[in-house]
Amino acid sequence: QVQLVESGGGLVQAGGSLRLSCAASGSIFSGNAMNWYRQAPGKQRELVAAITSGGSTNYAYSVKGRFTISRDNVKNTVYLQMNSLKPEDTAVYYCNVRLGPYNYWGQGTQVTVSS
């Protein structure tokens with residue numbers, strides 16, 4: 001069974017930091033790329049950051065230099081360290097993994113950045 005459980009969201013002032021965590025069931029974590037998406041009200045869901053099983057990373061232009069994705073292959077957990085947060089980072093953040101033709105999502109965690 002695929003399980004993705006996010007945590008770490010909250011309310012923070014602009015310029016602050018948050019670290020999101022996503023715990024994945026071991027059967028899906030090992031050997032798979034993991035992704036963080038976000039969806040702001042009235043907007044489409046967008047890819048924020050991705051990390052391969054080998055640790056290579058990619059970021060959306062809007063977060064490059066401020067966000068860092070990492071993974072702990074022992075704890076089956078992927079992290080998103082978010083620094084220098086801006087009000088436009090406000091969204092629900094989702095952990096994602098693709099297995100073949102299927103997309104799996106966590107329940108999401110709300111991040112709200114006040115100005």
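Points to keep in mind about this one:
- Those strands (runs of 3 or more DSSP E) of the stretch 29-84 in which 3 or more residues are of a type in the set (A, V, I, L, M) occupy 46-51, 77-82.
- Only a single item in (1) more than 19 Å from residue 59 (Cβ to Cβ); (2) in contact with a strand residue (DSSP E or B) (Cβ under 8 Å, 6 or more places away or on another chain) is not met by residue 1, and it is number (2).
- Taking the criterion of being crowded, with 21+ Cβ neighbours inside 10 Å and charged (D, E, K, R), the only residue of the stretch 81-110 that qualifies is 89.
- Of the listed requirements (1) closer than 14 Å to residue 81 by Cα; (2) open to solvent by 30 Å² or more (accessible area, probe 1.4 Å), residue 16 misses just one: (2).
- Within the stretch 85-115, considering residues that are in contact (Cβ under 8 Å) with a residue 40 or more places away in the chain and in a loop (DSSP other than H, G, I, E, B), the one nearest to residue 15 (Cα to Cα): 85
- Within the option set 78, 113, 63, 48, being modelled with pLDDT of 95 or more, buried (at least 18 other Cβ atoms within 10 Å of the Cβ) and more than 15 Å from the chain's Cα centre (by Cα) holds for one residue only, 113.
The values are calculated or read from the model by the stated rules, or taken from the named source; none is laboratory data. All values reported here derive from a predicted model rather than from experimental measurement. Ideal geometry is used to build each Cβ from the backbone, glycine not excepted, and the neighbour counts take in all protein chains shown. Protein only, heavy atoms only, side chains kept; ligands, DNA and RNA dropped before computing areas. Shrake-Rupley method; radii C 1.70, N 1.55, O 1.52, S 1.80 Å.
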